[in-house]
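Data first, discussion second: the structure below is written as C-alpha cells.
The values are calculated or read from the model by the stated rules, or taken from the named source; none is laboratory data. The shown structure was predicted, so the numbers you read here are calculated from the model rather than taken from an experiment. Cβ placement follows ideal geometry from the backbone for every residue including glycine, while neighbour counts extend to all protein chains displayed.
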Amino acid sequence: MSLSAQAIKPSKAGKSSKERTASGDLHSPAAAEAALRTFFRIVQAWDLSNEEQQKLLGCGRSTFFDWKAGRIKAGLDGATLERLSHIFGIYAGLQILLPIPERADAWVKKPNTAPLFGGRSALERMLAGQVSDLFVVRQYLDAQRGGVA
C-alpha cells in the first residue's frame, strides 16, 4: 500500500503523528544545520560570494554569518525552507541535465538565451531577491528534464 493510501489516525492534538513528526523534524535546529550545510556546499561549488549567498537565503547579514559559522540556534522559518528547497531542486536538476559536475556548476553563471532569462544568467535571475525567482529557475530546469512545469 502506498504512503498516500495509508490511513493516518489523528492524534488528540488534531494533527497526525506523521504531520507532527515531519513538521517537528523539518523545523528543528538539527534539520536547519543539515540543510544549511548542504546549501553552503552547493554555493561553494557555484563559487558564489558571501553577498550572493546571503541574498539567496534572504536573511540578514548577522544571521547569515552565524549560519555560515555553524551557529544555528533554532529551526528555519518557512520562507527560508522554501528558498532552500528551490536551490536544492535547481542543483539536483542541473546534476541530471548536465552530468559533468563542472558544467552543471558553471551553468548558473552563464548567459542564457531562453526567454525566461533574456540573455542573463540563471544566477542573476535567482539573485533578484524573490522566492518566485528561485521557483521559476527550478521550474525551467524541471521542464527541461521532462518534469512537470
**Residue list for segment 36-77, restricted to those being modelled with pLDDT under 95 and either β-branched (Val, Ile, Thr) or assigned to a helix (DSSP H, G or I) (or both)** = Ile72
**Request:** Test each condition in (1) surrounded by 18 or more Cβ atoms within 10 Å (Cβ to Cβ); (2) β-branched (Val, Ile, Thr); (3) within 28 Å of His27 (Cα to Cα) for Val108 and report the one that comes out false.
**Result:** (3)
**Request:** Please indicate, with yes or no, whether at least one residue in segment 65-74 is over 25 Å from Ala34 (Cβ atoms), buried (at least 18 other Cβ atoms within 10 Å of the Cβ) and among the aromatic types (Phe, Trp, Tyr).
**Result:** no
**Asked** among the β-branched types (Val, Ile, Thr) and assigned to a helix (DSSP H, G or I) - does that describe any residue in segment 112-128?
**Response** no
**Item:** Selection status of Ile96, β-branched (Val, Ile, Thr), on the phi < 0 side of the Ramachandran plot and over 14 Å from the mean Cα position of the chain (by Cα)
**Value:** yes
**Fill in**
For segment 86-110, pairs from a residue that is farther than 20 Å from Arg120 by Cα to a residue that is exposed (fewer than 15 other Cβ atoms within 10 Å of the Cβ) and not aliphatic (A, V, I, L, M), with Cβ under 6 Å and 6 or more apart or across chains, are Ile96/Arg145
**Asked** Of the residues Ser121, Ser85, which is among the small types (Gly, Ala, Ser) and under 12 Å from the mean Cα position of the chain (by Cα)?
**Response** Ser85
